Structure formats: structure tokens, C-alpha cells
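Engineer: Below are the C-alpha cells for one structure; questions will follow.
Just so it is clear, none of the values below were taken in a lab; they were calculated from the coordinates. Since the structure is predicted, the reported quantities are computational estimates derived from the model, not experimental observations. Neighbour counts run over all protein chains shown; Cβ positions are idealised from the backbone, glycine included.
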Amino acid sequence: MEVEAINSLIEELITKVARLLVDAHGSQHLKGLKHRVKAALRLGVHGRTNQFEVTRQLEGLQEKFQVLNRDELAEGLRCRLLQLEQYSNSWHPEILSFLLQLSDRPALLVDSKVSRAPSVPNPNQPLSWADLGAHGVAYSDEEIWDDVDFGPDSSDDELASEGGSGFLQERPLHASTAEAPNYQIPDNTFVDGDAEELLPSIENAQFWRPENAQKTGSGPLAITELQLARETIFMLQALPTSIFEFVAGDILVDRRFTLTHASELGIGSLLEAFAQKGIRINLLRQFTNATQQTAYMQTFSQGVGQSLRGFDEVLCTMQRQYLSPGSIVSLLQLYDTISRASHQLLLLSELVSDLEGSDESPMRCLDLLFDLVCMTEASGDEKTSKNLGNLFLSCFKTYAQSVQSWMADGQIDSSDTAFFVKRKNTHGDLRTIWYDWFEINEGPNRQNIPKFLQPSLQKVFTTGKSKVFLRNLNALPEDHEANSASTLFDMVFSGTVHQALPFSVRVENAFNQLVDFYHSTSAGLLQIELDSQCGIWHSFVALKQVYLGEDISALAVLDGKIFDLIDRGRAWDDRFLLTEVARSAFSVLAHVDVSRVVVRTQVGLHSAGNSSSLSRSVQILESISIDYVLPWALTNIVPRDAIRIYQRISAFLMQIRRSKYALVKHRIRQGRNIVTGEANEALVCSLYHNLTWFLDTLYSHLAYVAISASTAALHQALHDAQDLDAIIAAHDHYILSLEEQCLLSQDLKPIHQIFVKIMDLAIQLVDLQTVHAAEGESPKHGDIDVSKERRRRKQTIESGSDSDSELDDGFEYEQTLTISFNESSYDAQLRNLRPRFESLISSVVDSLKGIARSNGHSNWNILAERLEWRLRQSVN
């Protein structure tokens, strides 16, 4: 129960002091604070009471009782202290100190009955106030042993009398002569008549009096070197003086004052040097009095104030030396002493001056202080460098609290305006944690970032985002990581690590050590959680199988259904049907989660106006897109833009398979219904062969040269990735490389259009042969015969007299064709295909070689050479 009570009190104390919210109970931040408070309480760092100080206070109390004619209290206190010594205990000083603090005017409120009765006076006992009959004399009512108030309302002749104890109430002053009419003032109290000029001489020595300045007029006023030294010290302490005048941040020197044993030019230049130092030191005093909003600037202001207090202690020491008898006063020695004592302050004054004269930059002070430490260290000033280094480390430790909180918990202190990580998006979409939730606010010219932290900036940013990612995955590490990091932080910034190294190297190594600690733990844990909870590696394999055709057998089922629906002229854009077919086709693949497969189509393309013309082009496949819905965590690695590139690559590969499907299907149908006596059979066979070779060459190049090589490089990059940023960068490079190698980038769009025209040329050849075979050998009455034949087939199918499916397929396929021989004959259209094919191939080869020369990509040279070789073979 006692432990629970202590924990409850500690938690209540932290909540009130740190001003935490009510719902912060049980949070990671509160647990860390409780751990630190318990560790501090266990250390027992509270010092013991000074027993000698307690003894001194008790002796003073006895003396006070005797002075106030309370001898019975003094004797009683002494006897009880002697009795207490017989029972030795180490806690006696604490107990006695506690009783002294609880005491309230013991000389007035303690009853004499509780004290020891006064003993019989001893003849040898010293004379006391009671023996002299202190009651009724002139000074009996005045507390002559009180502390004297030397305030501005008092003088040497008027001493304010208070109670005998600091706890007694003030009493009004009494005229001593009224209470003691028989009192005679001693004659030596009055000034002798021969010394009447003493008081005027003292007044004349006070050179700051206006009447003394009027006597001299505009002429020089000689003063002593001691007076000039004290005025200089007062000026350096920012106190008003007569020789130095503070005017709008400047210090003016009154040239009327001079020394009898020094030249006016020398004294003037020396006083000007003092004034210049005073101006720069006064700038620091004004800076410490100003309010600082940034946390580390408040620490810097406190450090500057501490340096000023050390300088003031030096000035006070010099004043005490000048007031001691036999001291030697020298302005040159004073200047040398002040120059050495103010060296660090003058450097800080230059820093503050540069800080106020520059544009508003949160990190300007930290950068200037870092440069100042490095400069003093390089110049060999070890003492100043060490002091400024400690000041820098204290400021940086204050600033780094936000950095540590970001790397440890992924939290941003909204009150810290100097921190470079800002929240970018407050919508809270988990699919965009890595991209849209946070950003680095560098500011103009990166002024929001300390320049010595810029090399580790991205790693700090990544570490914090990893912690945010882990928190949303419910996998944030426990408090022991934060405790270990806090200990590491104190160790590396203690100022005792690697003293032989330069200061800049020590700071960089210390900060890198802290960042690496957080980064390694968060990055490793995040990769484990992405694999265990989200299946990142299975998802990469699934993307290759769904979009890049790694397993062509599964895609053949989906392709066959889509191509057949297009040839039949039926509802090929039914997304529900296509989704069902796609899930059935991919169900045989182990890494594909078929519940995440969705096929989408663009609405409106399957209409009466454009369906027949668009269906005979491979461009119709661009309206079909396969979506593989990834978990929200993986969408931060594979964003929507990358999925669109995957879909475009998948559509391009499907277009190639569509052209190849049309050629192969027609050859199979032609093999069943062989038309003999074809005059252009050699030309048709050549076109079929060349187009098939072109499609096979293009598809194999994309699959085995572009996709396969890039995928292998991706696997190696993912294996070497140290954090999520590296994984994202590897995949981004992979998908952009695929987009370019598959001729889908914006710069290669003209070449891609040529490939589409060649694939459409293959479908046109198939359609031309189909229409020609359907019309027979009568070009004159071909259209009429075809119409009659189609009506006959339709009636046959509707009556059910012919159950041959091939007849049905052929009829529905013919319904989608738009080729006519009215304007141009079959032979003319067929002969026109070969030069078009050769022209397109030649254009592709030239374009690929030109692109290869411009960027040095060898893949395009390989494809261009293979196509050029086939072009030469076909021509020959």
C-alpha cells in the first residue's frame, strides 16, 4: 500500500508540475517522467544539515538572551544542550535545525517558568546589564543590538532602531535627551574650532557635485586615480557615474576630468577604451534583460548572465582591494585585468550584435555560437573555448530535447517554434503517413536547421516518421529504449568524451551516435512489422504476377475472356464479370490475395458510336485496369502513382498479347477452312510471319531484358535497405526505370504510338483476311453476297438447326468488322500493309537509336538492332 501511495503522489506531482492532460495517464511520456523522478528520489542527493552552522546559531541565541537580560533563558538553553550531548545521535543537528526554524521570538514569548531558575550570582562572575540597573537608564528602551539600516533615508547620525530580534516589531525612535535630561554629550563629539575647514574640504573632494563642476567651468577638473578607477568600475557595472554617461546605447566620456600626473590625450584614449568595453558589455546586460521565446535562447541568456555575474565578482574583488589600506591603484593595471576578465564577454557581445543585426533566424544564435567555439579552439584559447563549449552544449541540449522527443516517440512539441519538423497534413489518412503527415521546414536558405546537423537531417526525419508508423501499427517499443537513449544522450554530451578530437568532430560524432541509436532500432523494428503484419515481400511478388506477367498461364485465362468478348462485340467492359474472371485466374497463385483484386473499366467507351471502331484497335485495352488493393502501410511504399505505372505496363503487355492472340486465332481458323488458289498467299504469309516475329521480339525484350533485370536489381536494393526511406527510394527507382524501359514515359510517347500502330496493323491484317474469306471470290457483288450469307447464318442460329459453335463464333466476330472493299480492293489494301509495316519498323529503329545515343541506355540499342536485322531480312 505504501508503494502504491508513493506512486500515486509522484504521478499527481508530475501531472501538476508538467501540466499534463488528464488523458495522459498511462502514456509513454508520463511513464518516462515517473521513472526519472523515482531514480532521483532513490539517489538521496539531498545534503545533510551543517552541524557547525546549527552550533553557531545556538551560541548566538544564548548571547542574544544575555544581551536582552534574559539570562535564565540563556542558562536554561545551555544546560539542556549539555544534557543533549550525553545522548549522541547523528540526527541531532537536523532536529535542532528544525526547532530553530520553528521558533518564533523566543526572547519575548518564552515563559521564564519553563526555563531554569536563575542561579545565585557568583562573586567572580562578570558584570551583567542587570547588575548595572539597566532599567530606567537612557538607553534601556532602545534595542541597540539590532541590525542597522543604511538605507537612503538614514545617515551616520541617525540609526534606525528595531527590535532586538529580527522577529520583533518596529518601535518609534525616542529622543535620548528627553528620557535622560542629565545626560551630557561628550566634548570630543563636536568638531574642534581649528578644523572648521575640514567639512568644506570633504565637500570639495566630491567632484560629482554640480557646484564643483561650475567652479571649474570648462577647464579640466583634476581627480585622483582612485576616483577615476571607481568611476570606471561603476560604469562597467552599468551604474550611473559622473565621468561616463549612457546615451542611447552609447557611452560618452566627460573630458573635463583628468589626472595631474598623466596627459589628457593618454587619459582620454584610455577612458575611451574603457567606454568601448562598457558599451559591448552593456549590450549583453540588455540582452539578458530581454525576454526570449525560444527554449535554447533562454538557456543561452542564462549562460550569458552567469558570465556577467562572474565578471561582476571580479569588479567587486578589485573594489575591495582598492579600499584596503596600502593598496596601489593603477588604471593601466585595471585595464589589463578587465581586458582579461572581459575577453569571453566581448566575444559573446560580438555574437549578440551579429544576432540582432541579422534577419530573423531561429538557428542563427546556435550556428554563431558553434562557429565561435571552433574559432577559439583553433586559436589556442583553451580556457575560453572550454567555457564557450560548455555553454554551447547546454544550449544544444535544450534544443535537442525536441529532436530527442521526435526520434524517441514521434512527437512534435507545438510550442517549440525552432524545431524543423512540422505537421503537414491533419486529415489523418494512414495511406499517406510517410508523404503527407510531416515535412521538413527548412526555411529560406535552410535557416531553420543548425548547419552542423544538416548531414544527419534526413536520418532524424526518417527516424521520427518510423516511430509514428510503428505507433499506428501498435508496435511502438517500450520505455527501456527511451531510458537507454536518455542515458546515452547525457553521456555523449557530457563534454568529457574524446577530448583529443576537435570540438566540431566531437559534437558531430556525439549527435550521430544518438541518431544512429534511435534509427537502427526503429528501422529494424519497422521492417519486421511490415513483413509480419503487412506481408510486404508477398505483396511485391503479387504485384509482379498481377501486372508484369510473371506467370503468363494465369494471365492467359483473363486475356482469353477479354479478347473473346471484344471479338464477339459483347459487354467486354462489365467490371463485375471481369473481376470474377480475374480472381478465378489468379487464385492458382500462392502470393496473390484474390480478395484484393478488382478490375475496373472506363464507363462510356462501349457505346454505339465508337464501339465497332475502337474494338478493332489495341487502344481499347487502355480502358481496362486491374487494381491490386494493398494494405494501408504498403501504400506508403507503393503509392497510387506507382500503381498507375504498373497498370500502364500491364496494359501495354496486354496489347502485345492481344495482337498475338488475333494472329494465332486467325491462323487456326484459316487452317480449318483452307482457301486454295490465293494469289497473294506469299505476301500474306510474309506479313503474318514478320508481325508475329515483331510481337514476340518486343514482348521478350520487355519481359526478359527490361522487367527481369530491373526486378533483380530491386530485390538486391531491398535486401540492402536500412530503413523505410531506402525501401521507398529503391521501389521508386524501379518503377520509374520500368516506365522508361517500357517506352511509357512522356519523352518516349511518340515511339510508343508507333508500336501501337504496328500492333493495330496486325489486327487489320486479320480483319482484312476475315472479310475477304467471307466475301468469297466475287468482288463485284461481294457486299450483297456477304449480307445474304450473314442473314442466312443468323436465321440458322435463331432456328437452332445448326449447333456448330464455330459458326456462331465466326458470325459474331464478323459483326465487329468495319472493313469494306467498295473504295479500295482487297489486293490494294493487302499490298499497302507491307510498306506501312516496313516504314513503321524503320521509324522505330531510328528513334530507338537516337534515344540510346542521347542517354546511353543499352537496352534500346539491343531492341533496335534486333528489329533492324529483321527488317533487312524481310526486305531481302
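Engineer: Using label points projected 7 Å from each Cα along Cα→Cβ, tell me how many nm separate residue 336 and residue 729, to one decimal.
Structural biologist: My value for the distance between the label points is 5.9 nm.
Engineer: Take the residue pairs 422/467; 544/757; 16/422; 749/849; 561/749 and return only those whose Cα atoms are more than 18 Å apart.
Structural biologist: Checking Cα-Cα distances, 544/757; 16/422; 561/749 exceed 18 Å.
Engineer: Mind listing which GluC sites (Glu not before Pro) in segment 325-389 are in a DSSP loop and have 15 or fewer other Cβ atoms within 10 Å?
Structural biologist: 360
Engineer: Can you sort 734, 646, 435 from fewest to most other Cβ atoms within 10 Å of each residue's own Cβ?
Structural biologist: With the fewest neighbours first, 734, 646, 435 line up as 435, 734, 646.
Engineer: Size of segment 341-397 along its principal axes in angstrom, Cα-based, largest extent first?
Structural biologist: Cα spread of segment 341-397 along its principal axes, largest to smallest: 31, 24, 18 Å.
Engineer: Which net charge results when you count Lys and Arg as +1 and Asp and Glu as -1 among the other residues whose beta-carbon is under 15 Å from that of residue 264?
Structural biologist: Once all neighbours under 15 Å are counted, the net charge is -1.
Engineer: Size of the dipole of segment 217-357 about the Cα centre, Lys and Arg at +1 and Asp and Glu at -1 on the beta carbon, nothing else charged, in debye to 20?
Structural biologist: 280 debye
Engineer: A follow-up question, please. For residue 600 and residue 746, calculate 0.36 nm times their separation in residues minus their Cα-Cα distance, and state this gained length in nm to one decimal.
Structural biologist: Stretched out fully, the residue 600 to residue 746 stretch lengthens by 50.2 nm.
Engineer: Between residue 692 and residue 857, what's the calculated FRET efficiency when r is the beta-carbon distance and R0 is 35 Å? Round to 0.05.
Structural biologist: Efficiency, from the Cβ-Cβ distance: 0.85.
Engineer: At what distance in nm do the modelled label points of residue 239 and residue 90 sit from each other, each positioned 7 Å from its Cα along Cα→Cβ?
Structural biologist: Taking the two extended label points, one gets 4.7 nm.
Engineer: Given 0.36 nm per residue, what is the gain on full extension from residue 18 to residue 627 after removing their alpha carbon distance, in nm?
Structural biologist: Answer, rounded to one decimal: 214.3 nm.
Engineer: What is the distance, in nm, between label points placed 7 Å from the Cα along the Cα-to-Cβ direction at residue 56 and at residue 279?
Structural biologist: Rounded to a tenth, the inter-label distance reads 4.6 nm.
Engineer: Principal axis extents for segment 400-473, Cα atoms only, whole Å, descending order, please.
Structural biologist: On the principal axes, segment 400-473 reaches 33, 24, 23 Å in Cα extent.
Engineer: Here is a follow-up. Once a ≥ b ≥ c are taken as the square roots of the eigenvalues of the Cα gyration tensor of segment 217-357, is the result rounded (a/c under 1.5), prolate (a/b larger than b/c) or oblate (a/b not larger than b/c)?
Structural biologist: prolate
Engineer: Work through the residues other than residue 253 whose Cβ is under 13 Å from its Cβ and net out their charges, Lys, Arg +1 and Asp, Glu -1.
Structural biologist: -3
Engineer: When the chain is fully extended, how far beyond the present Cα-Cα distance does residue 570 get from residue 838, taking 0.36 nm per residue of separation?
Structural biologist: Extra length from residue 570 to residue 838 when fully extended: 93.1 nm.
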